[in-house]
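The structure appears below as structure tokens.
The values are calculated or read from the model by the stated rules, or taken from the named source; none is laboratory data. Nothing here was measured: the structure is a model prediction, and the numbers come from that model. Every residue, glycine among them, receives a Cβ derived from its backbone with ideal geometry; neighbour counts consider all protein chains shown.
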Amino acid sequence: MEVLLSSDKIADCIVTLADEIVSQTSRADKIAIIGIRSRGEVLAKRLTDLLSKKLGTKLPCGTLDITLYRDDINNPQGQTQHFVRSTEIGFNVDDTIIILVDDVLYTGRSTRAAMDALMDLGRPKAIRLAVLVERTGRELPITSDFAGYKIDLPAEKTIQVNFVESDGKDRVILT
């Protein structure tokens, strides 16, 4: 196990993400933040707080459960029991720039599932992807608009993100 990002580095990455989002959006844009369960949700809340301060306005934040949109949900060889939780988006996504937030971008499959789920909720003006860690290994033609940390890794390596809110400490580890 190797620590890629410490608590301080994660905080720096979130500030970088917020700064990039502010620099690439207009104050006139209608923006909302949506985190993909479960660690994207934690990251989205932190990012929303920071963006709200930087933009001087309270931004809406929601949580998206993508379980039923996953392409492996009916895989008979699957080893994981999928648990459906609620999507909590208390605002209209129509004509809104959605900043979709996840902890790690790897194959692109979770992002594809999240975009499908979002489109079932309405018609956003645009969807922009913000991730804490972007690693190599894409299976779908998806890339992030905003990434806190990028790394080139072989397929046998995995990245695990821990947040205080869910895991008791902030860190990103390589296993």
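Against the test of being over 18 Å from ASP145 (Cβ atoms) and in contact with a Cys (Cβ under 7 Å, 6 or more places away or on another chain), the options LYS45, LYS58 yield a single qualifying residue, LYS45.
Per-residue answers, yes or no, for (1) in a loop (DSSP other than H, G, I, E, B); (2) more than 15 Å from the chain's Cα centre (by Cα); (3) at pLDDT below 85; (4) among the hydroxyl-bearing types (Ser, Thr, Tyr):
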{"residue": "LEU47", "(1), (2), (3), (4)": "no, no, no, no"}
{"residue": "SER52", "(1), (2), (3), (4)": "no, yes, no, yes"}
{"residue": "GLY62", "(1), (2), (3), (4)": "no, no, no, no"}
{"residue": "LEU68", "(1), (2), (3), (4)": "no, yes, no, no"}
{"residue": "ILE73", "(1), (2), (3), (4)": "yes, yes, yes, no"}
{"residue": "GLN77", "(1), (2), (3), (4)": "yes, yes, yes, no"}
{"residue": "THR80", "(1), (2), (3), (4)": "yes, yes, yes, yes"}
{"residue": "SER86", "(1), (2), (3), (4)": "yes, yes, yes, yes"}
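Filtering region 23-48 to residues that are surrounded by 14 or more Cβ atoms within 10 Å (Cβ to Cβ), out of contact with any Ser or Thr (no Cβ under 8 Å at 6 or more places or on another chain) and farther than 19 Å from ASN162 by Cα leaves only THR25.
The lone criterion from (1) part of a loop (DSSP other than H, G, I, E, B); (2) out of contact with any Gly (no Cβ under 8 Å at 6 or more places or on another chain); (3) modelled with pLDDT of 95 or more left unmet by PRO141 is number (2). Pairing each residue of region 45-63 that is under 19 Å from PRO124 (Cβ atoms) with any residue that is among the charged types (D, E, K, R) and in a strand (DSSP E or B), provided the two are 6+ apart or on different chains, yields C-beta distances under 8 Å for GLY62/GLU88; THR63/GLU88.
Among the residues of region 151-175, what is the count of those that are out of contact with any helix residue (DSSP H, G or I) (no Cβ under 9 Å at 6 or more places or on another chain), in a loop (DSSP other than H, G, I, E, B) and surrounded by fewer than 15 Cβ atoms within 10 Å (Cβ to Cβ)? Residues flagged as out of contact with any helix residue (DSSP H, G or I) (no Cβ under 9 Å at 6 or more places or on another chain), in a loop (DSSP other than H, G, I, E, B) and surrounded by fewer than 15 Cβ atoms within 10 Å (Cβ to Cβ) within region 151-175 amount to 8. Of all residues in region 135-150, those being free of Cβ contacts under 8 Å to residues at least 40 places away in the same chain, at negative phi and surrounded by 13 or more Cβ atoms within 10 Å (Cβ to Cβ) number 5.
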